[in-house]
Protein chains: 2
Amino acid sequence: MSQDFSFHLKKSQGPAGPRLGKITTARGVIETPVFMPVGTYATVKTLTPEDLQEIGAAIILSNIYHLYLRPGVETIQALGGLHRFMHWDGPILTDSGGYQIFSLAPLRTITAEGVTFRSHLDGSSHFLTPETVVALQEALGVDIMICLDECPGYPAPEAEVRRAAEVTLKWAARSQAARERPQTALFPVVQGGMMPELRRDQAQAMAALDFDGYAIGGLSVGEPTELMYAMVEATTPELPEDKPRYLMGVGTPEDLVEAVARGVDLFDCVLPTRNARNGMAFTTNGRVVIKNTMHGADPGPLDPACGCYTCRHYSRAYLRHLYVAREILAYRLLTLHNLYYYFNLMTGMRQALAQDRFAAFRRDFYQNRHQGGNTRG
Amino acid sequence: MSQDFSFHLKKSQGPAGPRLGKITTARGVIETPVFMPVGTYATVKTLTPEDLQEIGAAIILSNIYHLYLRPGVETIQALGGLHRFMHWDGPILTDSGGYQIFSLAPLRTITAEGVTFRSHLDGSSHFLTPETVVALQEALGVDIMICLDECPGYPAPEAEVRRAAEVTLKWAARSQAARERPQTALFPVVQGGMMPELRRDQAQAMAALDFDGYAIGGLSVGEPTELMYAMVEATTPELPEDKPRYLMGVGTPEDLVEAVARGVDLFDCVLPTRNARNGMAFTTNGRVVIKNTMHGADPGPLDPACGCYTCRHYSRAYLRHLYVAREILAYRLLTLHNLYYYFNLMTGMRQALAQDRFAAFRRDFYQNRHQGGNTRG
């Protein structure tokens, strides 16, 4: 257990119900449920740390796989650690790279000991173990690290899913044993594919190992949304109620609402940032594709209900102009807006949880989007 | 003459010597000599207006050719004008598009009446006259507009240079006569290729037409630097001392120092912003190519003498990492730094002029760069 990390459950509606909580780290307090913007290469694309603070980011996510390959963990360590390197002094969670190794790297080989893979950048060969992945994350000086896991695709044969879950469990225990830096919290990853029984078993076994928190992995990998929600439902009741739960790589605004309803506390996803760079904005009335001709003369903001910098100062017409002209400012303004939308959604959920009206919040959320569908297409 | 535009010459070292001045517009005061960052498509690439204000931009430049083609002047006008469109409330100067038509547009045809050209974007055909170009800039609501001019390339046959200068002079007179909006100042463009006599004649003829200020065009088009300086020297003494002089599209830090020494007040150039996006930073010790391996582990800032946001918070190692990973933040941080460097250079020149030590400033400027050459390569 990390000496600098604690979780306080402020409100809970049962073992698989929505929860309001607070994570305390040496680098700041994180009110949960929370969304973590993704900073793969030690930057949340297009934004500065000051931009992130201004819109209310409490914690960001980075990725050991990417940083290990470029610029290298030793380089970052020599420069004073990841926080100093990227000029972000709030909490950072790093993913172990399990998902990236199994989705990006060619020619990977898994043994009981660890995983050998080739870099997707230059083809160089690398060998990582649960122990080295803990050491790498500790060397970066992050606040929360994730155990190396094996993430099967979807669909995947039952035997492969079982084997991956078994490996992931063993690696979690080895990760726990390998810890040397008491400031960094450690979460294992609950795998188990689309098999509810296996997910339950995995969650129970991981819970017995007594981690600082628990990640739920292997979801949002192509399965139907309802199946994903069912897997979350199968997992959360088996996890300790007094520890935070992190659903990896999820998701859409709807996914966040549904997963919070099922007892998840932390989220990360590239959707708000990546979609921004592809010209798609999330709004209270649904999604806006900014390149559409209909926005070309529209003096209104992306979202009249939004208080972000972009909506306060720029018209849809200007944003469309920037996007069509491939101006970098378009990506930045849309990223700011989309993250603000995500943070605002989480704030809304936390307020509703604090006031015991989450069910009403969830109903209104869908109501607004439905109206949006009628008025904006 | 514009009712909202005035120039106050605070100090001058003779008709072709360095000058300290102040332009007053309805949207703000501009201390001269000044550098105007380029916002071709109604955005200074990568930056917000707040970023620009923070680093000290007093006026920005945009371009009627580009805005006319995309998103269209009528669109911007319907949205409340260029300032509101791009959320910049300081002064804006628009170039007439003369240079762009002659450098970007295929199949252009010049008659006494105006110029027919095809869009470089979609091949559509357009006809612009000096009168329509004034009307377009007035419709945008800009603070300073430029007369349509013909800009010959380099080298160019003497007859072509003479004919272009003659056309440009006639068009300047027609532009002057076409003005309808008293808030917008108008500058003609002195052409004349690399012929000092022709430049002198043009400058005198333009001066007789009594404009708000005067642009010097057709330079930095491929000619040797010394020839450019000689053309500036041939032009400035012929222009009214009580009107600002704007050297179009120039240039390097050295060019700015040399042109200020020869009596120029306003500058614009894509160099600081474009070079930033190409990974080149201007520093007091010379130029830094950030992708070079030597910066990969360097904990120091781009420029130890610089006080910009980028130099205060980020190492060369981090900037190199961002640049190599093609992260948008790299372009933004380098753009901020380069513009800060340019503004700082102009501030230094203004202070030196105010304290009657411009010659010493100019000597020190070269001294620093020479030292940089020895210590940093």
Sorted by chain and then number, the residues having a modelled amide H within less than 5 Å of the amide H of residue A:36, at least 5 places away or on another chain, are A:267, A:268, A:269
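Under a Cβ-only charge scheme (Lys and Arg +1, Asp and Glu -1), can you give me the dipole magnitude of segment B:147-276 about the Cα centre, in debye to the nearest 20? Walk me through the intermediate numbers first.
Values: 12 positive and 21 negative charges, 85 e Å.
For segment B:147-276, the charge dipole is close to 400 debye.
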Please report, largest first and rounded to whole Å, the three semi-axes of the ellipsoid equivalent to segment A:110-214, where each semi-axis is the square root of five times an eigenvalue of the C-alpha gyration tensor.
22, 20, 10
Once the whole set of protein chains is in place, how much accessible area is left on residue B:124, using a 1.4 Å probe, in Å² to the nearest 10?
40
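Cβ under 13 Å from residue A:18's Cβ, residue A:18 left aside: what net charge do those residues give with Lys, Arg +1 and Asp, Glu -1?
Values: positive: A:10, A:11, A:19, A:245, A:262, A:350, A:357, A:362; negative: A:233, A:241, A:258, A:265, A:356.
Local net charge: +3.
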For segment A:332-347 and segment A:4-81, write down the distance between their C-alpha centroids in whole Å.
16
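When the chain is fully extended, how far beyond the present Cα-Cα distance does residue A:305 get from residue A:254, taking 0.36 nm per residue of separation?
Numbers: separation 51, 0.36 × 51 = 18.36 nm, distance 1.82 nm.
Fully extending the segment from residue A:305 to residue A:254 adds 16.5 nm.
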Provide a whole-number value for the mean count of partner chain Cβ atoms within 10 Å of the Cβ atoms in peptide A:76-89.
3
Skipping prolines and chain starts, which residues have an amide H placed within reach, meaning under 5 Å, of the one on residue A:262, given they are 5 or more residues away or on another chain?
none
Run the simple label-point estimate for residue A:210 and residue A:118 please: 7 Å along Cα→C-beta, distance reported in nm.
4.5
When the charge dipole of segment A:310-363 is computed with +1 on Lys and Arg Cβ and -1 on Asp and Glu Cβ about the Cα centre, the Cα farthest towards its positive end, among A:330, A:358, A:310, belongs to A:358
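Ballpark to the nearest 100 Å², how much total accessible area do B and A bury together, probe 1.4 Å?
Working: alone 15210 and 15200 Å², together 27420 Å².
Protein heavy atoms only, the B-A interface buries about 3000 Å².
In the P(r) worked out for the protein assembly as shown, what percent of Cα pairs fall beyond 53 Å? Working shown, then result.
Values: 64508 of 283881 pairs.
Summing the P(r) of the protein assembly as shown above 53 Å gives 23 percent of all pairs.
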Counting other Cβ atoms within 10 Å of each Cβ, which GluC sites (Glu not before Pro) in segment A:124-219 have at most 10 and sit in a DSSP loop?
A:180
Calculate the radius of gyration of the Cα atoms of chain B to one decimal place, then report Dmax, the largest Cα-Cα distance, as a whole number, both in Å.
20.4, 61
Per-selection metrics, segment B:1-157 (Cα): Rg and Dmax in Å:
16.8, 49
Segment B:85-130 and segment A:202-218 have their Cα centres apart by a whole-number Å value of 64
Cα centroid distance between segment A:240-318 and segment B:257-301, in Å?
37
Only sites in a loop by DSSP and with at most 15 other Cβ atoms within 10 Å count here; which GluC sites (Glu not before Pro) in segment A:54-126 make the cut?
A:113
Normalized C-alpha radius of gyration of segment B:1-83, against 2.2 N^0.38 Å?
1.31
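To the nearest 20 debye, what is the magnitude of the charge dipole of the protein assembly as shown about its Cα centre, counting +1 on the Cβ of each Lys and Arg and -1 on the Cβ of each Asp and Glu? Walk me through the intermediate numbers first.
Working: 72 positive and 78 negative charges, 13 e Å.
Dipole of the protein assembly as shown, to the nearest 20 debye: 60 debye.
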Counting only DSSP beta bridges with both residues in the protein assembly as shown, tell me the antiparallel percent, nearest 5.
50
Straight-distance crosslink candidates among aspartates and glutamates, where the alpha carbon sits under 14 Å from residue B:11 and sequence neighbours closer than 8 are dropped
B:31, B:241, B:242, B:265, B:356
What residue of chain B has the nearest C-beta to the axis that moves B onto A, and what is that distance in Å, given as a whole number?
B:328, 3
Mind listing the phi-derived Karplus ³J(HN,Hα) values for segment B:57-72, rounded to whole Hz, using 6.51, -1.76 and 1.60 with θ = phi - 60°, and x for any glycine or proline?
5, 9, 7, 10, 10, 10, 9, 5, 4, 5, 5, 5, 7, 7, x, x
Copies of residue A:351 compared via label points 7 Å along Cα→Cβ give distances in nm, shortest first, of 4.7
Quick one: Karplus J couplings for segment A:324-334, per residue in order, coefficients 6.51, -1.76, 1.60, θ = phi - 60°, nearest Hz, x for Gly and Pro?
5, 7, 6, 7, 4, 4, 4, 5, 5, 5, 6
With +1 on each Lys and Arg Cβ and -1 on each Asp and Glu Cβ, how big is the dipole of segment A:269-377 about its Cα centre, in debye rounded to the nearest 20?
220
Output row, site residue B:347, 7 Å Cα→C-beta label point, backbone N cut-off 18 Å, window segment B:28-47, residues B:29-37
In sequence order, what are the phi-derived ³J(HN,Hα) couplings for segment B:269-283 according to the Karplus relation 6.51 cos²θ - 1.76 cosθ + 1.60 with θ = phi - 60°, rounded to whole Hz, with x for glycine and proline?
6, 7, 3, x, 7, 5, 4, 4, 5, 9, x, 10, 10, 8, 9
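Compare B:92, B:328 by solvent-accessible area with a 1.4 Å probe and give them largest first, with all protein chains kept in place. Please report the intermediate quantities before stating the final value.
On the way: B:92 0, B:328 25 Å².
If we order B:92, B:328 from most to least accessible, we get B:328, B:92.
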Over chain A, what is the relative contact order in whole percent, taking alpha-carbon pairs under 8 Å and six or more residues apart?
17
Structure shown: which of A:45/A:291; A:10/A:45; A:45/B:291; B:170/B:243; A:45/B:45; A:170/A:243 lie over 26 Å apart, alpha-carbon to alpha-carbon?
A:10/A:45
Square roots of five times the Cα gyration tensor eigenvalues for segment B:201-295, Å:
32, 12, 11
Mind telling me which of A:90, A:222, A:56 comes out most flexible in a GNM of chain A, alpha-carbon contacts under 10 Å?
A:222
Can you give the average number of partner chain beta-carbon atoms within 10 Å of each beta-carbon in peptide B:317-325, as a whole number?
5
Obtain the nm distance between the two label points defined at residue A:368 and residue A:180 by a simple spin-label model: each point lies 7 Å from its Cα along the Cα-to-C-beta direction.
4.8
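The values are calculated or read from the model by the stated rules, or taken from the named source; none is laboratory data. The shown structure was predicted, so the numbers you read here are calculated from the model rather than taken from an experiment. Reconstructed Cβ throughout: ideal geometry from the backbone, glycine too, with neighbour counts over all protein chains shown. Surface accessibility is based on the protein's heavy atoms, side chains included, excluding ligands, DNA and RNA. Shrake-Rupley method; radii C 1.70, N 1.55, O 1.52, S 1.80 Å.
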